[in-house]
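Have a look at the structure below before the remarks.
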Ligand SMILES: C[S@@+](CC[C@H](N)C(=O)[O-])C[C@H]1O[C@@H](n2cnc3c(N)ncnc32)[C@H](O)[C@@H]1O
Ligand SMILES: [Zn+2]
């Protein structure tokens, strides 16, 4: 799972990894982050879907889908972003920029808030991945909301 620290080279704001109410460890803001800013890059070893399947652990998944047959394994050479938990009301949004997988603030994030992303798991059963995000409108699963799948799909965690 890699070092349990944030690599500041990939994160312009002060962040920390600590215990989360959502699941085990999570990433938290140590300062206020305005809306629309780059918060952290997701990096790690880039592997094929087949290799990601071989390495993967469905119960503790550090794989992020980058492109067709390119999965980023955050457990090897990760930046700390691999500790970001899922929320159905996330405060981050993933965007690919010139070959980099970047997480931007989807709104202003207060000091002390946990950073979260919608994992949008695909190709697996909803009931196998229950969500514990605690958001008032939690959809109950880490699997993508089908209402989001029209048009261009946003980057997502990989269930490989
Ligand atoms: C990328 S890790 C996130 C970091 C993890 N909390 C840790 O301590 O290593 C992804 C795993 O966290 C768990 N997870 C993340 N968000 C969750 C949520 N909202 N509800 C339930 N489990 C969650 C799932 O087990 C998932 O496979
Ligand atoms: Zn939820």
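The values are calculated or read from the model by the stated rules, or taken from the named source; none is laboratory data. Keep in mind that this is a model prediction, so the values were computed, not measured. Please note: Cβ atoms are built from the backbone with ideal geometry, for glycine as well, and neighbour counts cover all protein chains shown.
Points to keep in mind about this one:
- All positions within segment 109-145 that are in a loop (DSSP other than H, G, I, E, B), buried (at least 18 other Cβ atoms within 10 Å of the Cβ) and within 13 Å of ligand 1 (Cβ to nearest atom): 115, 118, 119, 120, 129, 131, 133, 142
- Number of positions in segment 62-85 that are within 16 Å of ligand 2 (Cβ to nearest atom) and in a strand (DSSP E or B): 1
- Filter pass, residue 95 being surrounded by 14 or more Cβ atoms within 10 Å (Cβ to Cβ), more than 10 Å from ligand 1 (Cβ to nearest atom) and under 17 Å from the mean Cα position of the chain (by Cα): no
- Residues that are assigned to a loop (DSSP other than H, G, I, E, B) and out of contact with any strand residue (DSSP E or B) (no Cβ under 7 Å at 6 or more places or on another chain), drawn from segment 93-107: 98, 99, 107
- Only residues that are closer than 20 Å to residue 129 by Cα and either modelled with pLDDT of 95 or more or surrounded by 15 or more Cβ atoms within 10 Å (Cβ to Cβ) (or both) were counted across segment 56-70, and they come to 6.
- When residues of segment 146-160 are limited to those that are surrounded by fewer than 17 Cβ atoms within 10 Å (Cβ to Cβ) and under 16 Å from the mean Cα position of the chain (by Cα), the one modelled with the highest pLDDT: 154
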